[in-house]
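J.: Here's a structure for you.
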Amino acid sequence: MAVMTATKGKILWVDDEIELLRPHILLLSEKGYSVETATNGEDAIDMVKDRAFDLVFLDEMMAGMGGLKTLSAINNLRPEVPVVMVTKNEDEGLMEDAIGVKISDYLTKPVNPSQVLLACKKFLERKKITGAAVSRDYIKEFNEISLALQGPLNASDWTGIAARLVDWSIEMDSHPELGLTQTLIDQIRECNVEFSKFIERNYRNWLEQKNRPTLSVDVIERYLIPELTPDKSVFFFVIDCLRLDQWMLMETVLREYYSISREYYYSILPTATPYSRNAIFSGAFPDEIEVRFPDIWAQMEDDDNSLNRHEHQFMDNLLERRKIQLKPDSKYVKILDAEFGRSIENNILSYTKNRLTAIVVNFVDMLAHGRSDSDLLKEIAPDEAAYRSLTASWFRHSALFGMLKTLSRQKNVTIILTTDHGSIRSLRGVKVIGDREASTNLRYKYGRNLKCDDRHAILVKNPKDFRLPKRSSTINYLIAKEDYYFVYPTDYHKYVNQYRDSFQHGGISMEEMILPVVKLEPK
């Protein structure tokens, strides 16, 4: 009985002078590839119809059916099979014609063995070779990060670790077959344990330091105001609830249009829109807003829906405090639905007449909240890789991308883009005790007599310590660590199951706190 031997791939080589290529074919056979041959296009098409090939080398100049016509027929029969055109002709027009009919690669005769072997490895072994390199590099990175966690780390070290973990998360999305995804997930969880300890030790001191890491309150001061020169139109985009990994995928799409400078900042706590985004636009901590705008704060206290209605006023007040006068006045737009987004996209050039336009985009936040309540969205985005992919798909078809593409053609435009907070996939419920008036948020709470295991949350007994609004003399705050979420004892198991595996924000994690702030300059 014949023993079947596995090959690295099945190759069809089509050339009317095939005998001259025997040394190449022999070399490929010795390297573990299975090679069949044809001397004309008609035979090649019949062979492709009858059996599966992994790669085709195709001569461009053949008697009878030419290479381009044969290529078109092979593409129609087996569009998934890569075809490498081999020709003596170096005419640029021919190359363009070949590319137009979906050629995979192009070799010019006389080909040498290394060129042929490289093409085979590129199309038949890339996944295997790349996977081996990814595995090797990640194991090295894993060990480096694990070692770093044992030593002292500063805020810059943590942004570096977060960015490296995001890079690896995106890399692993392309290599699920390596079996390293769970190892990476476990390492991210381990990092969040240490990151929460780091924040617990340092955050309170940051609030009073001049040389602190950039926080929400510093974003406009450090990144936006220096761009407000008379010769430029500046756009300030704030994408609600955008994580660093989601931004990284969006950034790859935008590199075609912009030169991109990316830095990082830390969201204030709680990492929730009423605190973090108001802090961005006002350049002030929540307790300062409470004092500086008492009427607005009282309105915000009475009506949760008004928590972010005053961002334009806050921004103008910050510019006024910095003695910056803009003519015409700044503009502010908040996009809450697709139809309104398209109308802004269609008119975005009219905003280039302004010195400063702030645009808040709410879709990603709506996606995070919607996934918590929708079985359909959970099915579409069952894990973080799918959640990243879903966000990237939205962005490619969004009004936001349309605006950015249009603005990329305007040379006097500079864009500062950021987010107010991220979100974390909440997987572990923890019991919390509080009175009936306590807030209902899952990752942070304020109220009276709040209690929770201090391994899973920070209790802020005095709101002033965290620059939070006092609200009343008996109010304290509770902020969740890592991927925990709060559940009251009543119907505990029901709500643990209901909210498990939802994307939430408000607490302490790298995903919620370490955020991109980028400058986009048209190429």
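J.: Quick check, is Ser473 surrounded by fewer than 21 Cβ atoms within 10 Å (Cβ to Cβ) and in contact with a Pro (Cβ under 6 Å, 6 or more places away or on another chain)?
T.: No: the conditions fail for Ser473.
J.: Just one of Leu165, Leu153 is in contact (Cβ under 8 Å) with a residue 40 or more places away in the chain and either in contact with a Pro (Cβ under 6 Å, 6 or more places away or on another chain) or outside any helix (DSSP H, G or I) (or both); which is it? Give the steps one after another, and end with the answer.
T.: Values: Leu165 fails: either in contact with a Pro (Cβ under 6 Å, 6 or more places away or on another chain) or outside any helix (DSSP H, G or I) (or both).
None of the others qualify; the one that does is Leu153.
Table: residues versus (1) modelled with pLDDT of 90 or more; (2) in contact with a His (Cβ under 9 Å, 6 or more places away or on another chain); (3) not in a strand (DSSP E or B).
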{"site": "Asn449", "(1), (2), (3)": "no, no, yes"}
{"site": "Asp465", "(1), (2), (3)": "yes, no, yes"}
{"site": "Leu478", "(1), (2), (3)": "yes, no, no"}
{"site": "Tyr495", "(1), (2), (3)": "no, no, yes"}
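J.: Which one of these is in contact (Cβ under 8 Å) with a residue 40 or more places away in the chain, at negative phi, in contact with a His (Cβ under 9 Å, 6 or more places away or on another chain) and outside the structural domain of Ser169 (by TED's automatic domain parsing): Ser261, Ser282?
T.: Ser282
J.: Out of Thr39, Thr87, Thr70, I need the residue that is in contact (Cβ under 8 Å) with a residue 40 or more places away in the chain, crowded, with 16+ Cβ neighbours inside 10 Å and assigned by TED's automatic domain parsing to the domain that holds Leu107. Which one?
T.: Of the residues listed, the single one that is in contact (Cβ under 8 Å) with a residue 40 or more places away in the chain, crowded, with 16+ Cβ neighbours inside 10 Å and assigned by TED's automatic domain parsing to the domain that holds Leu107 is Thr70.
J.: For the range 339-366, how many residues meet the condition of being out of contact with any helix residue (DSSP H, G or I) (no Cβ under 9 Å at 6 or more places or on another chain), outside any loop (DSSP other than H, G, I, E, B) and of a type in the set (Lys, Arg)?
T.: 1
J.: Separate question: Confirm whether Ile225 is in contact (Cβ under 8 Å) with a residue 12 or more places away in the chain and either assigned by TED's automatic domain parsing to the domain that holds Val460 or part of a helix (DSSP H, G or I) (or both).
T.: Against the criterion (in contact (Cβ under 8 Å) with a residue 12 or more places away in the chain and either assigned by TED's automatic domain parsing to the domain that holds Val460 or part of a helix (DSSP H, G or I) (or both)), Ile225 qualifies.
J.: Let me ask something else. Here are the criteria: (1) farther than 22 Å from Asn112 by Cα; (2) more than 42 Å from the chain's Cα centre (by Cα); (3) in a loop (DSSP other than H, G, I, E, B). Tell me which single one Val81 does not satisfy.
T.: (2)
J.: While we're on this one: Pairs please, first residue from the range 444-472 and without any contact (Cβ under 8 Å) to a residue 40 or more places away in the chain, second anywhere and assigned to a helix (DSSP H, G or I), Cβ atoms under 9 Å, 6+ apart in sequence or on different chains.
T.: Here the result reads Tyr446/Pro463; Val460/Phe466, each pair linking the range 444-472 to a residue that is assigned to a helix (DSSP H, G or I).
J.: Additional query: Report, ordered by the first and then the second residue, all pairs with beta carbons closer than 8 Å, sequence separation of six or more or different chains, a first member in the range 207-219 that is closer than 18 Å to Leu153 by Cβ, and a second member that is of a type in the set (Lys, Arg).
T.: Pairs found: Thr214/Arg222.
J.: Determine whether the range 505-513 contains at least one residue that is at pLDDT 95 or above and assigned to a strand (DSSP E or B).
T.: Checking the range 505-513: at least one residue is at pLDDT 95 or above and assigned to a strand (DSSP E or B).
The values are calculated or read from the model by the stated rules, or taken from the named source; none is laboratory data. The structure presented is a predicted model; accordingly, all values stated were derived computationally and were not measured. Methodologically, a virtual Cβ is constructed for each residue, glycine included, from the backbone with ideal geometry; neighbour enumeration extends over all protein chains shown.
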